[in-house]
1. Can you find, within the range 320-335, the residue that is surrounded by the most Cβ atoms within 10 Å (Cβ to Cβ) among those that are without any contact (Cβ under 8 Å) to a residue 24 or more places away in the chain and polar (S, T, N, Q)?
2. Just to confirm my filter: which helices (runs of 4 or more DSSP H) fall fully inside the range 156-238 and include at least 1 residues that are within 16 Å of the ligand (Cβ to nearest atom), within 14 Å of the chain's Cα centre (by Cα) and surrounded by fewer than 22 Cβ atoms within 10 Å (Cβ to Cβ)?
3. Might you let me know whether the range 302-316 holds any residue that is within 9 Å of Ile346 (Cα to Cα) and more than 24 Å from the chain's Cα centre (by Cα)?
4. With the condition kept exactly as written, say whether any residue in the range 265-282 is in a helix (DSSP H, G or I) and either crowded, with 19+ Cβ neighbours inside 10 Å or not charged (D, E, K, R) (or both).
5. Out of curiosity, is Ala265 over 30 Å from Thr193 (Cβ atoms) and within 28 Å of the chain's Cα centre (by Cα)?
6. Examine the range 67-87 for a residue that is in a helix (DSSP H, G or I), without any contact (Cβ under 8 Å) to a residue 24 or more places away in the chain and in contact with a Phe, Trp or Tyr (Cβ under 9 Å, 6 or more places away or on another chain), and state whether such a residue exists.
7. Going by what's in this entry, would Ala95 be described as farther than 23 Å from Val192 by Cβ and of a type outside the set (D, E, K, R)?
8. Looking at the range 336-363, I want the residues that are farther than 23 Å from Asn268 by Cβ and have a partner that is among the hydroxyl-bearing types (Ser, Thr, Tyr) and assigned to a loop (DSSP other than H, G, I, E, B) with Cβ atoms under 6 Å, at least 6 apart or on another chain. Which pairs are those?
Amino acid sequence: MLQPDVELTGITKHFGSVVAVDNVSFAIPRGDFFSLLGPSGCGKTTIMRMISGFEQPTRGTIEIAGQNMSGKKPYERPTNLVFQHLSLFPHMSVAQNIAFGLEMKRTSRTETDRQVARMLELVHLADYGQRKISQLSGGQKQRVAIARALVNAPAVLLLDEPLGALDLKLREQMQLELKRIQREVGTTFIYVTHDQKEAITMSDKIAVVNHGRIEQMDSAVEIYENPKTAFVANFIGETNLLEGNLSLVNGSAATVSLPGVDIRAALNFKAAKGTGVSLSVRPESLVMGQGATSATNRLNTRIEDIVYLGSMAHYRLVSQEGLRFTAEVTQKAMAELPVRGETVLIGWEPEDGRLFETRQAAA
Ligand code: ATP
């Protein structure tokens with residue numbers, strides 16, 4: 001790896017008896033788009049606040065651009081923070097807002113004007129310099145906030161759910177914009193989100209955070225296709241998680257005893273008979289109806305509900321044994337399937353299921 005731009009080593013943060021961040025370590029190369037992804041309360045914001053210096057770690061060290069940040073105030077760090085609630089000055093123009101940081105540093109008028117023009121260009125607001133903040137849309141305000149942070153040329157830009165207040169369509173547009181801006185300026189971005197699609201769209205690398213710890217740190221593709229824990233499998237995209245025990249192990253072929261039924265699954269770690277496991281099967285891996293008759297694993301289910309999602313639909317199913325599933329089906333395939341309240345066969349192959357150890361086998 002290149003010389004890391006941001007390196008956290010053994011970072012822990014206690015608030016009284018709450019362990020908000022628990023022994024977190026990671027290194028981000030310069031120019032990467034890195035995301036901290038996790039559910040509400042998992043510690044993402046606390047990690048950001050420690051990097052930016054608004055919070056001090058209980059233990060561990062933070063280095064930015066090769067310098068130890070211990071004891072450094074936020075304004076002494078080469079970082080800038082953008083939040084969801086933008087602190088733009090509403091009575092000032094767009095250009096004045098962007099110029100603010102440079103004026104504080106007593107940059108010359110000509111240089112300030114040059115930099116502001118460059119930033120307006122970068123965020124595609126070249127014609128909006130003289131507008132008041134109150135005359136802008138949500139997405140435009142967000143661009144101004146990003147320009148205002150980037151004009152200070154931070155080594156690292158920290159973004160804490162900056163798109164949270166925007167509607168879905170605008171958020172998706174801004175995700176692509178942010179990625180473009182990041183590529184153009186080459187600044188290291190650290191992005192906090194609870195939205196897995198957002199993280200997948202933009203990031204070079206994602207750290208999935210749960211209860212103050214990093215569960216997995218990988219590229220978006222790796223995290224989706226090779227989740228290391230049941231939590232990651234469930235958090236990144238929808239999945240069906242079934243709890244059971246390994247009742248038979250033969251090399252990489254295993255049989256999992258679920259309540260009332262045995263299922264075949266591929267084992268990709270060493271485990272003995274009796275090990276407690278979660279079995280994850282993605283909704284798109286389930287075959288329904290006629291196609292399921294030749295599948296290795298088959299279950300009879302009742303269709304409890306059908307949720308339309310545009311070109312796709314999700315079937316909520318419950319098996320005779322009481323196991324719950326969601327299966328994803330294209331609009332086209334729906335015509336061939338039974339309707340709500342009726343029964344349908346579902347099936348999948350052993351290699352479509354992924355096993356995670358939840359409990360060691362009793363000795
Ligand atoms: P969200 O997505 O909801 O913003 P988050 O992942 O950013 O959540 P944090 O804000 O980092 O989570 O909070 C992590 C944990 O630390 C939570 O249990 C929270 O209640 C607790 N916490 C955060 N700040 C403080 C504080 N100043 N005092 C006490 N507890 C805190």
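Values in this text are rule-based calculations from the coordinates and carry no lab data. Just so you know, these numbers come straight off a predicted model, no measurement behind them. Here Cβ is always computed from backbone atoms with ideal geometry, including for glycine, and neighbour counts include all displayed protein chains.
1. The residue in question is Gln331.
2. 196-202, 230-235
3. First pass over the range 302-316, keeping only residues within 9 Å of Ile346 (Cα to Cα): none.
So far as the range 302-316 goes, no, none of its residues is within 9 Å of Ile346 (Cα to Cα) and more than 24 Å from the chain's Cα centre (by Cα).
4. Initial filter on the range 265-282 (in a helix (DSSP H, G or I)): none.
For the range 265-282, residues in a helix (DSSP H, G or I) and either crowded, with 19+ Cβ neighbours inside 10 Å or not charged (D, E, K, R) (or both): absent.
5. Values: over 30 Å from Thr193 (Cβ atoms): yes; within 28 Å of the chain's Cα centre (by Cα): yes.
Yes; evaluated as a whole, the condition is true for this residue.
6. The initial filter retains those residues of the range 67-87 that are in a helix (DSSP H, G or I), namely 74-76.
Checking the rest, the ones that are also without any contact (Cβ under 8 Å) to a residue 24 or more places away in the chain come to 74-76.
From what is left, the residues that are in contact with a Phe, Trp or Tyr (Cβ under 9 Å, 6 or more places away or on another chain) are 74.
Yes, the range 67-87 contains a residue that is in a helix (DSSP H, G or I), without any contact (Cβ under 8 Å) to a residue 24 or more places away in the chain and in contact with a Phe, Trp or Tyr (Cβ under 9 Å, 6 or more places away or on another chain).
7. Criteria met by Ala95.
8. none
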